[in-house]
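This report concerns only the one structure given below.
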Amino acid sequence: MALGEKLLDGPAGAGLGRSRSIWNILHLDPILLFLLLMLVGGGLFVLYSGADRNIEVVKAQGIRLAVAFGVMLVFAQLDPAVFRRWSPWLYVLGLAGLVAVLLVGVGAKGAQRWLAIPGLPRFQPSELMKLVVPMMAAWYLSRYFLPPTFGRVMMGLFIVLLPMFLIVQQPDLGTSLLVGMAGIFVVFFAGMSWKLIVAFFGLVSVSAPLMWFFVMRDYQKQRVLTLLDPQSDPLGAGWNIIQSKTAIGSGGLDGKGWLQGTQSHLEFLPESHTDFIVAVLAEEFGFVGMLLLMALYFLIILRCLYIAVSAQDSYARLLAGALTMTFFIYIFVNVGMVSGLLPVVGVPLPLISYGGTSGVTLMAAFGVLMSIHTHRRMITA
């Protein structure tokens, strides 16, 4: 008799078996799903205030999130073997999309990041690469014995750096960094030696001056200079960071109360319902509110790491670990830029900031994680 069957003998076991079968049929992890619903529900609550009580914004975000959860459900139904099999083709398709953006893409606010295909809503191929790049890197490295050789590590890094280079040309430094980190985490988890890690960071340090003079655009340099000294242009480039830090500091321990934030409602705080929404939360709910938000994010990350560790093959472990750490990078970069610790790069607060594309990408990633967790094969005694 299988070990799983022994564990489910008896009346109590029968109830547990029925409960497990429901979630297995849906291919959803109930713990992760509950945490995500809590985060999304709280996010809509904060968004109503950040959007200055505009219920239409909240409704639009609710529709986007419903679509995102639908995407998560679809991805959760697919066996991880499907993701493995399609990884190279999706990677090639994504690269073709990035090239198409540079040639015939739609521009807005000085950037050319979207494709407009007749009959379809315009979309950003770079968002697809946040998911496809770690899938491709995991597919390549998991085909060989781990840890990878030096040559395979270099090939893995090339897989990551090629789409990064194309995204930087749009220009979209924030997305390129997220795509790069998602892929580099795969290479790191595959077992890079400390010598290679030190060499990699040494190369990044040496190339930083070259990037400053030959790669970074003027507005990107201005963001770094503003980070170092926001008071140098308090009414211009430094305005966002100064007002954001003011909002966070004025919240104190328990905040001013929901809908009572002066920085956002008196329109001092820019982008209060998108990139800087965490400042709205900090002002209205204080340190306690921020602590609760970070605790919820921590629990989500902890659950995802458990899924990664318990995955049954190298491809699934590498992919799950990378997607989890990419979610962490979203949080780290957004909170860091809003609090003045990192340059402003336009990274939204995951599943709370207003917007649809990044939310769909993130929920697709959670769908992949749930697929990895619920499609595990039972090991019999």
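The values are calculated or read from the model by the stated rules, or taken from the named source; none is laboratory data. Please read these numbers as outputs of a predicted model, since none were measured by experiment. Cβ sites come from the backbone with ideal geometry, for glycine too, and all protein chains shown count toward neighbours. Surface areas here come from the heavy atoms of the whole protein model, side chains and all, with no ligands, DNA or RNA. Shrake-Rupley method; radii C 1.70, N 1.55, O 1.52, S 1.80 Å.
Taking first residues from segment 245-262 that are closer than 13 Å to Leu281 by Cβ and touching a residue at least 24 places away in the same chain (Cβ under 8 Å) and partners that are small (Gly, Ala, Ser) and assigned to a loop (DSSP other than H, G, I, E, B), the Cβ contacts under 7 Å between residues at least 6 apart in sequence or on separate chains come to Ala247/Gly261; Ile248/Ser339.
Tell me the residue from Val71, Val101, Val57, Val82 that is touching a strand residue (DSSP E or B) at 6+ places or on another chain (Cβ under 8 Å) and either part of a helix (DSSP H, G or I) or surrounded by fewer than 14 Cβ atoms within 10 Å (Cβ to Cβ) (or both), please.
Matching residue, one of Val71, Val101, Val57, Val82: Val101.
Name the residue, out of Ala311, Ala295, Ala316, Ala322, that is assigned to a helix (DSSP H, G or I) and touching a Lys or Arg at 6+ places or on another chain (Cβ under 9 Å).
Numbers: Ala311 fails: assigned to a helix (DSSP H, G or I); Ala295 fails: touching a Lys or Arg at 6+ places or on another chain (Cβ under 9 Å); Ala322 fails: touching a Lys or Arg at 6+ places or on another chain (Cβ under 9 Å).
Only one candidate qualifies: Ala316.
Scanning segment 270-285 for residues that are within 17 Å of Gly255 (Cα to Cα) and open to solvent by 10 Å² or more (accessible area, probe 1.4 Å) gives Ser272, Leu281, Phe285.
This table checks each residue for (1) polar (S, T, N, Q); (2) open to solvent by less than 10 Å² (accessible area, probe 1.4 Å); (3) out of contact with any Pro (no Cβ under 9 Å at 6 or more places or on another chain).
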{"site": "Met325", "(1), (2), (3)": "no, no, yes"}
{"site": "Val333", "(1), (2), (3)": "no, no, yes"}
{"site": "Ser339", "(1), (2), (3)": "yes, no, yes"}
{"site": "Val345", "(1), (2), (3)": "no, no, yes"}
{"site": "Pro350", "(1), (2), (3)": "no, yes, yes"}
{"site": "Gly355", "(1), (2), (3)": "no, no, no"}
{"site": "His375", "(1), (2), (3)": "no, no, no"}
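Mind listing whichever residues of segment 169-197 are closer than 24 Å to Val106 by Cβ and either of a type in the set (Val, Ile, Thr) or open to solvent by 20 Å² or more (accessible area, probe 1.4 Å) (or both)? Answer for segment 169-197, where residues must be closer than 24 Å to Val106 by Cβ and either of a type in the set (Val, Ile, Thr) or open to solvent by 20 Å² or more (accessible area, probe 1.4 Å) (or both): Gln169, Leu173, Thr175, Leu177, Val179.
Among the residues of segment 269-278, is there at least one that is more than 24 Å from Asp52 (Cα to Cα) and either of a type outside the set (A, V, I, L, M, F, W, C) or in contact with a His (Cβ under 7 Å, 6 or more places away or on another chain) (or both)?
No, that holds for no residue.
Going through segment 124-143 one residue at a time, which ones are in a helix (DSSP H, G or I), charged (D, E, K, R) and either without any contact (Cβ under 8 Å) to a residue 24 or more places away in the chain or more than 17 Å from Leu319 (Cβ to Cβ) (or both)? Selection gives Glu127 alone. In segment 287-301 there is no residue that is open to solvent by 10 Å² or more (accessible area, probe 1.4 Å), over 30 Å from Tyr144 (Cβ atoms) and in contact with a Ser or Thr (Cβ under 8 Å, 6 or more places away or on another chain).
The single condition from (1) at pLDDT 90 or above; (2) among the aliphatic types (A, V, I, L, M); (3) in a loop (DSSP other than H, G, I, E, B) that Leu146 fails is (1).
Answer with yes or no whether Leu141 is crowded, with 22+ Cβ neighbours inside 10 Å and within 18 Å of the chain's Cα centre (by Cα). Taking the combined requirement at face value, the residue does not satisfy it.
Taking the conditions (1) crowded, with 20+ Cβ neighbours inside 10 Å; (2) within 30 Å of Pro171 (Cβ to Cβ) in turn, Ala316 satisfies each one other than (2). Could we say that Leu292 is at pLDDT 90 or above, out of contact with any strand residue (DSSP E or B) (no Cβ under 6 Å at 6 or more places or on another chain) and of a type in the set (A, V, I, L, M, F, W, C) here? For Leu292, the condition - at pLDDT 90 or above, out of contact with any strand residue (DSSP E or B) (no Cβ under 6 Å at 6 or more places or on another chain) and of a type in the set (A, V, I, L, M, F, W, C) - is met. Within segment 350-381, restricting attention to residues that are more than 20 Å from Leu128 (Cα to Cα) and in a helix (DSSP H, G or I), the residue that is modelled with the highest pLDDT is His373. Does Trp89 satisfy the criteria of being open to solvent by 80 Å² or more (accessible area, probe 1.4 Å), closer than 26 Å to Thr374 by Cβ and either among the aromatic types (Phe, Trp, Tyr) or not in a helix (DSSP H, G or I) (or both)? It is true that Trp89 is open to solvent by 80 Å² or more (accessible area, probe 1.4 Å), closer than 26 Å to Thr374 by Cβ and either among the aromatic types (Phe, Trp, Tyr) or not in a helix (DSSP H, G or I) (or both). If you go through segment 117-130 one residue at a time, do you hit one that is among the aliphatic types (A, V, I, L, M) and more than 20 Å from Val104 (Cα to Cα)? Scanning segment 117-130 turns up no residue that is among the aliphatic types (A, V, I, L, M) and more than 20 Å from Val104 (Cα to Cα). Could you please find all residues in segment 24-51 being touching a residue at least 60 places away in the same chain (Cβ under 8 Å) and open to solvent by 80 Å² or more (accessible area, probe 1.4 Å)? If the condition is that a residue be touching a residue at least 60 places away in the same chain (Cβ under 8 Å) and open to solvent by 80 Å² or more (accessible area, probe 1.4 Å), then Ile31, Met38, Phe45 are the ones that fit.
Criterion applied to Trp239, Trp212 was being in contact with a helix residue (DSSP H, G or I) (Cβ under 9 Å, 6 or more places away or on another chain), of a type in the set (Phe, Trp, Tyr), over 26 Å from Thr361 (Cβ atoms) and surrounded by 14 or more Cβ atoms within 10 Å (Cβ to Cβ), and the one residue passing it is Trp239.
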